[in-house]
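The values are calculated or read from the model by the stated rules, or taken from the named source; none is laboratory data. Note that the structure is a prediction, hence the values are computed from the model and not measured. Cβ placement follows ideal geometry from the backbone for every residue including glycine, while neighbour counts extend to all protein chains displayed. With ligands, DNA and RNA removed, areas are computed over all heavy atoms of the protein, side chains included. Shrake-Rupley method; radii C 1.70, N 1.55, O 1.52, S 1.80 Å.
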Amino acid sequence: MARKKVLITGGAGTIGTVTRPGLSERFDLSILDLKEVEGVESHVGDIADVEAIRPAFEGKDVVVHLGGDPRGQAPWESVLRNNVVGTRNVLEASRLAGVGRVVFASTNHVVGFYPEKDESYRAVFDGRFGDVRQPMELLTAQQTRPCCLYGVSKGFGELMGSFYHDLYGISFIALRIGGVLCEEGWERRWPSGLAMFLSHRDAAQLLERSIDAPASVGHAVVYGISDNTMKVHELDSARRLLGYRPQDDAGVDLALDTDAPAYYDIAHGWLGPGGKRV
Ligand SMILES: NC(=O)c1ccc[n+]([C@@H]2O[C@H](COP(=O)([O-])OP(=O)(O)OC[C@H]3O[C@@H](n4cnc5c(N)ncnc54)[C@H](O)[C@@H]3O)[C@@H](O)[C@H]2O)c1
């Protein structure tokens with residue numbers, strides 16, 4: 001069987017960089033980003049400009065859409081341009097080029113106010129593991145409760161993908177990703193990391209399974225995390241629909257360095273020593 005031609009928008013970024021080695025073994029990859037990446041077919045363009053990016057989509061079987069502003073605190077102007085307009089344009093350019101499937105990097109922030117406001121999710125994110133009511137009712141992909149404009153913009157992307165699927169028949173798979181940083185090990189520095197961690201190899205597998213899932217998976221929204229003991233998001237949909245079999249687990253042991261300067265928490269923004277909010 002011919003290797004699938006896969007375009008990765010935002011492929012020069014963190015997730016694109018850590019998953020590309022694995023994906024390139026299976027697929028013919030190209031990227032579309034604001035900057036070029038050496039050693040891979042690169043299209044330089046801004047997804048806010050639909051006409052400029054259209055050539056990158058020609059002849060592609062699948063588009064993995066990672067491009068956009070990934071910051072939980074991103075201001076409206078950036079979210080509007082890069083995530084709202086950008087995602088619509090990626091879907092439109094895919095439709096015009098006859099691409100069969102778009103895999104969309106959505107985010108846990110689409111349900112981000114659950115762990116901010118509701119026990120027992122909150123207990124996990126605060127590190128009060130003894131207060132967690134068991135068994136925990138995991139958050140499902142049917143739920144939405146965005147915690148920021150960024151989360152709202154990704155929820156918009158999920159809806160736009162559903163619309164393009166029903167109207168034009170494009171397969172659309174949204175992955176509500178937890179946390180992926182360049183270096184692994186961050187996940188044990190704060191409680192929410194133990195819940196949100198998505199290892200590099202699990203991220204690569206999740207993208208691979210999403211690209212390869214049968215055509216019968218027309219539309220899906222699933223969570224993308226490792227098989228974390230402290231997870232608050234359900235993984236059954238990704239397992240059932242995509243055949244995702246995560247290999248990693250962030251575990252239950254925190255390694256908070258009380259002398260560490262403030263660091264960035266994906267869910268809570270900037271935290272100070274001991275995981276206290278600043
Ligand atoms: N890394 C995580 O923990 C995480 C968690 C949840 C969701 N996500 C989502 O996954 C995707 C990738 O995340 P990442 O961590 O690799 O982010 P990143 O910032 O490292 O990479 C994003 C890439 O998109 C490109 N980009 C931004 N705006 C663009 C535009 N207008 N036109 C073309 N390219 C543009 C950037 O140049 C960058 O290379 C993002 O959409 C993000 O929202 C990431």
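Rounded to the nearest 500 deg cm²/dmol, what is the calculated helix-only ellipticity per residue at 222 nm for the chain, with -39500 (n - 2.57) per DSSP H run of length n ≥ 4?
On the way: 8 runs with 81 residues, N = 278.
Result for the chain: -8500 deg cm²/dmol, rounded to the nearest 500.
Residues in the stretch 169-182 carry Karplus couplings, in order, of x, 6, 6, 9, 10, 9, 10, 7, 6, x, x, 9, 10, 4 Hz; the curve used is 6.51 cos²θ - 1.76 cosθ + 1.60 with θ = phi - 60°, and Gly or Pro positions show x. Taking label positions 7 Å along the Cα-Cβ direction at both Val252 and Asp166, the computed distance is 4.3 nm, reported to one decimal.
Here each label is just a point 7 Å from Cα along the line to Cβ, and for Ser24 and Arg239 those points are 3.3 nm apart.
Per residue, the chain exposes 44 Å² of solvent-accessible protein surface, assessed with a 1.4 angstrom probe and all protein chains in place.
Phi angles across the stretch 3-10 convert, under the Karplus curve 6.51 cos²θ - 1.76 cosθ + 1.60 with θ = phi - 60°, into 3J(HN,Hα) values of 5, 5, 8, 10, 9, 10, 6, x Hz, Gly and Pro given as x. Element breakdown for the stretch 5-275 at a 1.4 angstrom probe: carbon and sulfur atoms account for 50% of the accessible area. Per-residue 3J(HN,Hα) values for the stretch 88-101, derived from phi via the Karplus relation 6.51 cos²θ - 1.76 cosθ + 1.60 with θ = phi - 60°, read 4, 5, 5, 5, 5, 5, 5, 4, 5, 8, x, 5, x, 8 Hz in sequence order (x marks Gly and Pro). In this structure, the amide hydrogen of His43, modeled 1.01 Å from its nitrogen in the peptide plane, lies closer than 5 angstrom to those of Ile31, Leu32, Asp33, counting only residues at least 5 positions away or on a different chain.
Counting only lysines at least 8 places from Lys231 when in the same chain, those with an alpha carbon closer than 20 Å to its own are Lys117.
Of the beta bridges in the stretch 5-275, as assigned by DSSP with both residues counted there, near 10 percent are antiparallel. The smallest convex shape that holds all Cα atoms of the stretch 114-233, its convex hull, gives 117 Å³ per residue. On full extension, the segment bounded by Thr17 and Val44 gains 8.1 nm, given 0.36 nm per residue less the C-alpha separation.
How long is the gain from Glu119 to Leu96 if the chain were fully straight, where each residue apart is worth 0.36 nm and the alpha carbon distance is subtracted?
Numbers: separation 23, 0.36 × 23 = 8.28 nm, distance 4.53 nm.
Between Glu119 and Leu96, full extension yields 3.8 nm more.
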